[in-house]
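Below is one structure; the comments refer to it alone.
The values are calculated or read from the model by the stated rules, or taken from the named source; none is laboratory data. Every value quoted in this text rests on a predicted model; they were computed, and no experiment measured them. Note: ideal-geometry Cβ built from the backbone for every residue, glycine included; neighbour counts use all protein chains shown.
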Amino acid sequence: MTPWHPITDPSDLKRLGKLAEEAGELCSAVSRCIIQGINAREPTTDKSNETWLEEEIADVLANIELTVDHFTLDKTYIRERIELKLGLLRAWHKAEARGRT
């Protein structure tokens with residue numbers, strides 16, 4: 001007997017699959033910005049890495065909103081967690097900036 005119970009509902013799979021796909025595309029955009037610089041351009045399309053990053057962030061945020069609604073996730077808890085994480089990350093960035101000076 002396995003403790004795992006994979007989801008099988010097609011609607012659930014579709015939503016989570018799309019969220020994962022978009023998150024992966026965001027990772028690719030972030031990686032390109034790290035490797036080439038945010039102001040570099042894609043040679044074939046001439047799209048800036050900054051624009052691609054903005055698009056992928058928007059795509060992920062849209063899919064997050066749909067996923068939260070679909071699974072009736074606790075928006076209050078999520079907002080509280082966001083605020084907690086923002087505080088921690090701001091402190092981390094501030095400490096890191098002090099360390100460079």
Is it the case that LYS85 is in a helix (DSSP H, G or I) and at pLDDT below 95? no
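Only one residue in GLU50, GLU65 is within 14 Å of the chain's Cα centre (by Cα), in the same structural domain as ALA20 (by TED's automatic domain parsing), at pLDDT 95 or above and surrounded by 10 or more Cβ atoms within 10 Å (Cβ to Cβ), so which one is that?
Residue meeting the stated conditions: GLU65.
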What are the residues in the stretch 7-40 that are free of Cβ contacts under 8 Å to residues at least 40 places away in the same chain, closer than 18 Å to ILE57 by Cβ and either charged (D, E, K, R) or not in a helix (DSSP H, G or I) (or both), if any? GLU21, GLU25, ARG32, GLY37, ILE38, ASN39, ALA40
